[in-house]
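Participant: One structure follows; several queries about it will come next.
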Amino acid sequence: MPCQISNYQRSDPLVHPLVHAGLSRILVPIVLRDDYLQALRALSRTSAPASLVRVALHAQRFTASIDFGDYDSTLAALQRCHAFAEPGVARLLVTE
């Protein structure tokens, strides 16, 4: 089934290339928030993108592993993966 691209996705310069290439969007769960913010700081302070790329790839693998077809099963999967946990309390579990 071809990927449907909404008007929002066409206008979002970060989402459109991913969806157009058949790749998963990148959602940063709460549990990865601190890692993501630290990676952004490292990029802005030292122009070193490696940590941001690492966090983004991890978040993208996580996003791709979740079936977003049904609200209840999606919520249960996000809870099992610790997506809503505060940073430092749990680690994100990614099932592939």
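The values are calculated or read from the model by the stated rules, or taken from the named source; none is laboratory data. The shown structure was predicted, so the numbers you read here are calculated from the model rather than taken from an experiment. Note: ideal-geometry Cβ built from the backbone for every residue, glycine included; neighbour counts use all protein chains shown.
Participant: Scanning the stretch 83-96 for residues that are in contact with a Lys or Arg (Cβ under 9 Å, 6 or more places away or on another chain) and closer than 13 Å to residue 59 by Cα, which turns out modelled with the lowest pLDDT?
Facilitator: Step by step, filter the stretch 83-96, then rank; the result is 96.
Participant: Could I ask something else about it? For the stretch 42-68, enumerate the residues that are closer than 17 Å to residue 92 by Cα and in a loop (DSSP other than H, G, I, E, B).
Facilitator: Within the stretch 42-68, 66, 67 meet the criteria.
Participant: Can you pull out the residues in the stretch 41-55 that are loosely packed, with under 13 Cβ neighbours inside 10 Å, of a type in the set (A, V, I, L, M) and either farther than 26 Å from residue 79 by Cα or touching a Ser or Thr at 6+ places or on another chain (Cβ under 9 Å) (or both)?
Facilitator: Of all residues in the stretch 41-55, those loosely packed, with under 13 Cβ neighbours inside 10 Å come to 41, 44-50, 53-54.
Subsequent filtering for residues that are of a type in the set (A, V, I, L, M) retains 48, 50, 53.
Matches in the stretch 41-55: 48, 50.
Participant: Could you give me the residue pairs with C-beta distances under 7 Å whose first residue belongs to the stretch 66-80 and is more than 15 Å from residue 29 (Cα to Cα), whose second residue is part of a loop (DSSP other than H, G, I, E, B) wherever it lies, and which are 6+ apart or on separate chains?
Facilitator: If the second residue must be part of a loop (DSSP other than H, G, I, E, B), the pairs left are 73/67.
Participant: Being in a helix (DSSP H, G or I), farther than 18 Å from residue 87 by Cα and either modelled with pLDDT of 80 or more or among the hydrophobic types (A, V, I, L, M, F, W, C) (or both) is the filter here, so list the residues in the stretch 4-41 that pass it.
Facilitator: Once the filter is applied, which keeps residues that are in a helix (DSSP H, G or I), farther than 18 Å from residue 87 by Cα and either modelled with pLDDT of 80 or more or among the hydrophobic types (A, V, I, L, M, F, W, C) (or both), the stretch 4-41 yields 15, 18, 19.
Participant: Consider only pairs whose beta carbons are under 7 Å apart and that are at least six residues apart or on different chains; among these, list those whose first residue lies in the stretch 52-65 and is among the basic types (Lys, Arg) and whose second residue is surrounded by 14 or more Cβ atoms within 10 Å (Cβ to Cβ).
Facilitator: Listed by first residue and then by second, the contacts come to 61/94.
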